[in-house]
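The values are calculated or read from the model by the stated rules, or taken from the named source; none is laboratory data. All values reported here derive from a predicted model rather than from experimental measurement. Positions of Cβ are generated from backbone atoms using ideal geometry, with glycine treated the same way; all protein chains shown enter the neighbour counts. Keep in mind that these areas ignore ligands, DNA and RNA; they rest on the heavy atoms of the full protein, side chains included. Shrake-Rupley method; radii C 1.70, N 1.55, O 1.52, S 1.80 Å.
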Amino acid sequence: MSAVTTGTEPGAAGRAEPAPVTEQELLALESRYCSHGDTVHYTQPPKLFERCEDSFMYDGRDRAYLDLQMWYSAVNFGYGNRRLNSALTRQLDRLPQVASQFLHREKIELAARLARRIEASFGSEGRVHFNVGGSQAVEDALKLVRNASNGKSLMFAFEGGYHGRTLGASAITSSYRYRRRYGHFGDRAQFVPFPYCFRCPYGKKREDCGLYCVDQFARLFDSEYHAVWDAKAGQAEFAAFFIEAVQGTGGYVIPPPGYFEKLKGVLEARKILLVDDEIQMGFYRTGRFWALEHFNVKPDIIVFGKALTNGLNPLSGLWAREELINPSAFPPGSTHSTFNANPLGTAVGLETMRMLDHDDYAASTREKGARFLAGLRDLKRRHRVIGDVDGLGLALRIEVCAPDGFTPDKALVDRMVEIGLEGELECRGRRYGLVLDIGGYYKNVITLAPSLHISDAEIDLALDLLDQLFARALSSREVG
Ligand SMILES: Cc1ncc(COP(=O)(O)O)c(C=O)c1O
């Protein structure tokens with residue numbers, strides 16, 4: 001076991017006692033003193049990392065683990081990104097703390113850059129509102145929507161959608177498991193099937209379905225007696241549709257062309273707002289600044305978080321159309337958090353925006369994504385248990401199935417995660433581990449979100465290690 005920390009700390013009786021030094025001791029303390037409610041231990045023992053750099057995490061043995069999920073896409077620009085880290089340390093030296101009733105330049109400049117960027121992408125004017133953490137920004141979006149609709153608390157959301165774990169956010173997230181113990185607090189969602197064409201809920205084929213799924217949604221408004229539409233008042237019972245343009249936790253599912261355009265037509269006709277959750281797919285993950293830019297529709301609200309600060313600070317926020325968020329519609333104090341728009345986070349966010357304006361992330365992400373996806377297609381030809389691969393930019397998916405290519409095989413994916421974290425894969429005489437994230441409705445999808453700075457050599461390494469991982473997981477199962 002590696003030495004983890006050194007030094008002393010005061011004991012219960014004020015005496016100095018040795019600090020925890022081994023990984024084993026740390027795990028024992030974690031097991032005794034940490035709530036397990038805020039984490040999930042996917043492997044036993046849980047994995048402990050010591051440092052990170054570029055695309056790699058390192059454990060106590062200094063074994064390199066190629067990270068293909070980058071903190072659920074929060075670290076789009078690589079671990080230890082010098083430019084962004086320096087923005088943080090510069091701010092630390094100048095103005096690290098300031099109460100949120102006062103102004104600081106980083107907040108204002110960041111809001112202006114985001115709002116102008118969104119105006120350039122979607123042609124709508126609006127404002128930016130900050131908070132801490134994606135779920136909190138989703139909560140703020142719920143407030144905006146309720147405010148704009150005279151307090152309506154019913155929302156549409158997608159099957160397979162994920163919007164966070166606070167009470168409001170989990171009400172519009174498609175897992176009852178996240179709500180079962182806690183009851184309902186107010187907002188409720190009706191969950192609509194996402195266009196998950198590999199497993200089309202209507203048994204259609206993408207080539208000739210005519211977007212039948214949108215017709216099914218539109219049918220809800222056919223008459224008063226379809227239950228959600230008051231034709232006399234011209235009002236829907238539902239205030240907004242919360243979407244992820246590309247589903248994240250749902251398994252990096254990419255909708256077919258035309259889907260969102262047709263859906264938006266229905267929403268506009270029924271005065272239902274479109275809230276675009278870009279918390280996971282924003283900041284060029286899919287090769288565009290916002291994933292929704294691929295689909296030719298305008299959102300009313302955009303929610304963002306994660307990669308805005310490259311994971312250095314839990315800054316999140318939303319943008320909304322001027323009509324929804326101008327100060328007389330959404331007055332001062334409508335939401336508040338001590339740490340919202342904090343100077344450290346906004347300084348890094350501002351530097352992220354400068355970096356994104358300067359470098360051509362659209363082109364580089366498309367190119368890297370095409371290389372990775374070509375490799376995944378090759379991998380699929382070699383492993384019958386890969387039912388589907390797909391990708392948009394560097395949001396890539398491998399759907400793992402039984403040899404029939406369709407029946408989900410979660411157990412095989414779990415085994416792959418374990419073997420990846422053992423750190424004993426090999427390439428050119430060096431040992432590596434792989435850090436993978438799992439998503440999908442059946443938890444059988446490897447959702448790949450590598451660093452947007454990943455090199456071609458690292459993409460080739462990833463493909464090589466994934467190939468080994470499939471072979472090892474399959475053979476360990478045969479042996480078992
Ligand atoms: C699409 C989406 N929305 C919301 C959230 C919640 O964000 P947070 O975990 O920062 O609360 C996440 C987190 O993974 C997400 O992927």
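Just one of the listed residues (Ile279, Ile272) is within 16 Å of the ligand (Cβ to nearest atom) and not hydroxyl-bearing (Ser, Thr, Tyr), namely Ile279.
Assessment of segment 199-207 against the conditions (part of a loop (DSSP other than H, G, I, E, B) and buried (at least 19 other Cβ atoms within 10 Å of the Cβ)) yields no matching residue.
Residues in segment 84-107 that are open to solvent by 90 Å² or more (accessible area, probe 1.4 Å) and either at pLDDT 95 or above or part of a helix (DSSP H, G or I) (or both): Arg90, Leu92, Asp93, Arg94, Gln97, Phe102, Leu103, Arg105. For segment 154-168, the criterion of being without any contact (Cβ under 8 Å) to a residue 40 or more places away in the chain, open to solvent by 60 Å² or more (accessible area, probe 1.4 Å) and within 16 Å of the ligand (Cβ to nearest atom) is satisfied by at least one residue. Among the residues of segment 112-144, those identified as within 24 Å of Pro343 (Cβ to Cβ), more than 16 Å from the ligand (Cβ to nearest atom) and part of a helix (DSSP H, G or I) are Ala112, Arg113, Leu114, Ala115, Arg116, Arg117, Ile118.
Among the numbered conditions (1) under 18 Å from Gln136 (Cβ atoms); (2) touching a helix residue (DSSP H, G or I) at 6+ places or on another chain (Cβ under 7 Å), the only one that Phe289 does not meet is (1).
Return the only residue of Gly250, Gly287 being surrounded by 20 or more Cβ atoms within 10 Å (Cβ to Cβ) and either within 16 Å of the ligand (Cβ to nearest atom) or modelled with pLDDT under 95 (or both).
Unique residue meeting the criteria: Gly250.
Within segment 221-240, is even one residue within 25 Å of Glu268 (Cα to Cα), crowded, with 19+ Cβ neighbours inside 10 Å, modelled with pLDDT of 95 or more and within 16 Å of the ligand (Cβ to nearest atom)? Within segment 221-240, one or more residues are within 25 Å of Glu268 (Cα to Cα), crowded, with 19+ Cβ neighbours inside 10 Å, modelled with pLDDT of 95 or more and within 16 Å of the ligand (Cβ to nearest atom).
Only one of (1) farther than 24 Å from Ala307 by Cα; (2) exposed (fewer than 15 other Cβ atoms within 10 Å of the Cβ); (3) in contact (Cβ under 8 Å) with a residue 60 or more places away in the chain fails for Phe470. Which number is that? Failed condition: (2).
For segment 376-405, a tally of residues being assigned to a strand (DSSP E or B), within 20 Å of Pro450 (Cβ to Cβ) and in contact (Cβ under 8 Å) with a residue 60 or more places away in the chain returns 10.
Checked against (1) open to solvent by less than 40 Å² (accessible area, probe 1.4 Å); (2) modelled with pLDDT of 95 or more; (3) more than 23 Å from Trp319 (Cα to Cα), Asp215 passes all but a single condition, namely (1). Is it the case that some residue within segment 255-270 is part of a loop (DSSP other than H, G, I, E, B) and aliphatic (A, V, I, L, M)? No: zero hits. Of all the criteria given as (1) touching a Phe, Trp or Tyr at 6+ places or on another chain (Cβ under 9 Å); (2) more than 15 Å from Phe217 (Cβ to Cβ); (3) open to solvent by 10 Å² or more (accessible area, probe 1.4 Å), the one not satisfied by Val266 is (2). Phe191 falls short on exactly one of the conditions (1) in a loop (DSSP other than H, G, I, E, B); (2) under 30 Å from Gly317 (Cα atoms), and that condition is (1). Of the candidates Ala341, Ala320, Ala329, the single residue that is part of a loop (DSSP other than H, G, I, E, B), more than 30 Å from Arg371 (Cβ to Cβ) and touching a Lys or Arg at 6+ places or on another chain (Cβ under 8 Å) is Ala341.
Quick grid of which residues meet (1) closer than 18 Å to Val253 by Cβ; (2) open to solvent by less than 40 Å² (accessible area, probe 1.4 Å); (3) modelled with pLDDT of 95 or more; (4) within 18 Å of the chain's Cα centre (by Cα):
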| site | (1), (2), (3), (4) |
| --- | --- |
| Glu367 | no, no, yes, no |
| Gly387 | yes, yes, yes, no |
| Val400 | yes, yes, yes, no |
| Phe406 | yes, no, yes, no |
| Arg415 | no, no, yes, no |
| Ile419 | no, yes, yes, no |
| Glu426 | no, no, yes, no |
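Here Lys47 meets the list (1) open to solvent by 80 Å² or more (accessible area, probe 1.4 Å); (2) touching a residue at least 60 places away in the same chain (Cβ under 8 Å); (3) out of contact with any Ser or Thr (no Cβ under 9 Å at 6 or more places or on another chain) almost entirely, failing just condition (1).
Given the structure, is Gly37 of a type outside the set (S, T, N, Q) and free of Cβ contacts under 8 Å to residues at least 12 places away in the same chain? Working first, answer last.
Numbers: of a type outside the set (S, T, N, Q): yes; free of Cβ contacts under 8 Å to residues at least 12 places away in the same chain: yes.
Against the criterion (of a type outside the set (S, T, N, Q) and free of Cβ contacts under 8 Å to residues at least 12 places away in the same chain), Gly37 qualifies.
Scanning segment 290-322 for residues that are near the ligand (Cβ under 10 Å from one of its atoms) and either modelled with pLDDT under 95 or open to solvent by 20 Å² or more (accessible area, probe 1.4 Å) (or both) yields Lys306, Pro314. Being among the basic types (Lys, Arg), open to solvent by less than 10 Å² (accessible area, probe 1.4 Å) and touching a residue at least 12 places away in the same chain (Cβ under 8 Å): is that true of Arg430 here? No.
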